[in-house]
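What follows is one structure encoded as structure tokens, with my remarks underneath.
Here, each number is a calculation from the coordinates, and none is a lab measurement. Everything quoted here is computed from the prediction, not taken from an experiment. Reconstructed Cβ throughout: ideal geometry from the backbone, glycine too, with neighbour counts over all protein chains shown.
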Amino acid sequence: MRPDTEIVAIDEAQFLDPQVVNVASMLAGKGIRVILAGTDTDFRGEPFGSMGELMAVSEIVDKLQAICVICGDPACRNQRLLDGKPARYDSPTIMIGGRESYQARCRHCHKVPRQDEDQTALL
């Protein structure tokens, strides 16, 4: 980093090592403006990586929402789809994919079946 650095911006911060919290705090402590972007919950609706801790130590948090593709309400979850059906809870946390793999959904329309659940009822 150059000595004249004023701003550091990082996207997809949820994928970074937990040390990102210390690095961001150290940079902010030096007067550098730190901007981090990322998804705060994983496909299960649980905290994703260090995003919760980053939000807790931030001075300003802007939480943006998409629109639920099912009902049109504000979406607060990422629905992972495998072959068009909700991914099971025990699926890997990180899986690369786009529109075919993820949908924005509200809390009510978001489904995460347990391993023993029949997925046909969750469409």
Legend entry - Amide hydrogen neighbours beyond the local backbone of Phe48, cut-off 5 Å, H modeled: Thr41, Asp42
Legend entry - Mean projection area, nm², convex hull over Cα of the stretch 7-57: 3.2 nm²
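Per DSSP H run of at least 4 residues, take -39500 (n - 2.57); add these up for the chain, divide by its residues and hand me the 222 nm value, nearest 500 deg cm²/dmol.
-4000 deg cm²/dmol
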Legend entry - Hydrodynamic radius (Kirkwood) for the stretch 66-115, which is based on Cα pairs only, to one decimal in Å: 11.0 Å
Inset, instruction - Extending each Cα 7 Å along its Cβ direction at Val61 and Ile96, get the distance between those two points in nm, one decimal. - result: 3.0 nm
Inset, instruction - May I ask for the net charge around Asp73, where only other residues with Cβ less than 13 Å from the Cβ of Asp73 are counted and Lys, Arg are +1 while Asp, Glu are -1? - result: +3
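Taking 25 Å as R0, compute the FRET efficiency from the Cβ-Cβ separation of Arg2 and Asn22 and round it to 0.05.
Step by step, r from the Cβ atoms, then E = 0.75.
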Inset, instruction - For the stretch 7-57, build the charge dipole from Cβ charges (+1 Lys, Arg; -1 Asp, Glu) around the Cα centre, then report which of Phe43, Ser25, Ala13 sits farthest towards its positive end. - result: Ser25
Inset, instruction - Would you mind checking which residues have amide H under 5 Å from Ala66's amide H? H placed 1.01 Å from N; only 5 or more apart, or other chain. - result: Ala75
Inset, instruction - Could you name the lysines whose alpha carbon sits less than 18 Å from that of Lys111, not counting residues in the same chain fewer than 8 places away? - result: Lys85
Legend entry - Built amide H within the under 5 Å cut-off of Leu82, gap 5+: Ala87
Legend entry - Reach of Lys30 by Cα under 27 Å, taken over lysines that are not fewer than 8 positions away in the same chain: Lys63
Inset, instruction - Return the loop-located trypsin sites (Lys or Arg not before Pro) in the stretch 29-94 (DSSP other than H, G, I, E, B) with at most 14 other Cβ atoms within 10 Å of their own Cβ; answer none if there are none. - result: Lys30, Lys63
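Express in nm, to one decimal, how much length is gained between Arg33 and Asp11 on full extension, taking 0.36 nm for each residue of separation and deducting their alpha carbon distance. Don't jump to the answer; show the numbers that get you there.
Details: separation 22, 0.36 × 22 = 7.92 nm, distance 1.44 nm.
Contour length minus the Cα-Cα distance gives 6.5 nm.
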Legend entry - In Hz, Karplus ³J(HN,Hα) per residue of the stretch 5-10 (6.51, -1.76, 1.60; θ = phi - 60°; x = Gly, Pro): 5, 10, 9, 10, 10, 9
Legend entry - Folded to 0 to 90 degrees: helix 20-29 orientation relative to the chain principal axis, Cα: 30 degrees
Inset, instruction - Would you list the P(r) distribution for the chain, with all Cα-Cα distances sorted into 5 Å bins from 0 and each bin expressed as a whole %? - result: 2, 10, 18, 19, 16, 12, 9, 7, 4, 2, 1, 0
Inset, instruction - Output ³J(HN,Hα) for the stretch 53-65: one whole-Hz value per residue in order, computed from phi by the Karplus curve 6.51 cos²θ - 1.76 cosθ + 1.60 with θ = phi - 60°, and x for Gly and Pro. - result: 5, 4, 5, 5, 8, 7, 6, 10, 10, 9, 9, 9, 10
